[in-house]
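Below: the structure, in structure tokens.
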Amino acid sequence: MVLESTYGGRHHTKDSSLEERLVETIKEACIKNPGRLIIPAFSIGRTQALVFSLNKIFSNGLLPRVQIFVDSPMANFATDIYRKHHHLVNDEAQDFYKTQGDEFDFEALSYITDKKESATISNYHEPCIIISSAGMLEGGRIQDHLFHNIQNYYCTILFIGYCAPGTLGNRLLRGDPIVRLRGRDLMVYATIKQTDLLSGHGDHSDLMDIVKTQDTDKLKKIFLVHGERKSMDSLQSAISELNHNCVIAVRGTRYIL
């Protein structure tokens, strides 16, 4: 078995739902304080799930309307594919579609297409939510929005996914007071927040459940990949306690099966 280990030794938040977390964050960032909320999100899957959650929040009247911009050409393209193959989305999304319409389209939601239109968001001075890629801030239009807002006291940046070490997203999450962007060193005045409620990776319990459901007579060796060393060590220790042969795969090493 080749097993990812992103959240080895860590467990996802269980004390609130995604919608509750979003309501709390939007209320603080855009309503109580009339600012802007920037959410870096991967274009495929994560952005669509986020838009659907926002649709449920505003359709149910949990918050007053706030302008939302989705600024990612790839996300727009992917959303069209979701619509085309709507019969393949989950039951909750299908039920929403039957009763309330397109889960990826609602009042005050704008999909940004060209670069010129994207640039005009900087001149939008009302409270708003900007969803843009890439999720780890390594390229994409999100860097444009960061450049204009990282020093804005009325800006909140909400990370909804994992940021690997060495990425700009990781530097912000660890609390670096200055980051380099477009050849300039910029002070970080924006508020940095994070939630794992939209994570596409299973946590420690999920990964262990996968191992526990395997046939112990057939499973000869487990290779851990895709994780920080601390996470891999934690997961390897837990799996070894189940008497499985578990190794941390080393880049460039050839393994004979």
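Read the figures in this text as sums done on the coordinates, not as results from a lab. Predicted model only: the values in this text are computed from it and were never measured. Every residue, glycine as well, gets a Cβ built from its backbone with ideal geometry; the counts of neighbours run over all protein chains shown.
Ordered by residue, what ³J(HN,Hα) values in Hz, to whole numbers, does region 115-124 give under the Karplus form 6.51 cos²θ - 1.76 cosθ + 1.60, where θ = phi - 60° and Gly and Pro are x?
My calculation for region 115-124 gives 5, 5, 5, 4, 5, 6, 4, 4, 8, 8 Hz in order.
Hey, which aspartates and glutamates would be in cross-link range of residue 221, C-alpha to C-alpha under 17 Å, not counting anything within fewer than 8 residues on its own chain?
4, 209, 233, 241
Based only on other Cβ atoms within 10 Å, what is the fewest-to-most ordering of 251, 141?
On the way: 251 5, 141 20.
Ascending number of Cβ neighbours within 10 Å: 251, 141.
Mind telling me which of 53, 240, 72 comes out most flexible in a GNM of the chain, alpha-carbon contacts under 10 Å?
Checking each option, the largest mean-square fluctuation is seen for 240.
With the chain treated as a Gaussian network of Cα nodes joined by springs under 10 Å, which of 92, 138, 20 yields the largest mean-square fluctuation?
92
In percent, what relative contact order does the chain have, based on Cα pairs under 8 Å that are 6 or more apart in sequence? Before the final figure, lay out each step's value.
Numbers: 403 pairs, mean separation 77.5, N = 257.
The value is 30 percent.
When DSSP beta bridges are limited to those with both residues in the chain, what percentage is antiparallel, rounded to the nearest 5? The partial results should precede the final answer.
Values: 4 of 31 bridges.
In the chain, DSSP labels about 15 percent of beta bridges as antiparallel.
May I ask you to sort 120, 195 by Cβ crowding, counting other Cβ atoms within 10 Å and putting the fewest first?
Details: 120 10, 195 19.
By the 10 Å Cβ count, ascending: 120, 195.
If you fit an axis through the alpha-carbon atoms of helix 46-59 and take the longest principal axis of the Cα set of the chain, what angle between them do you get, 0 to 90°, nearest 10?
Between the helix axis and the principal axis of the chain, the angle is about 50 degrees.
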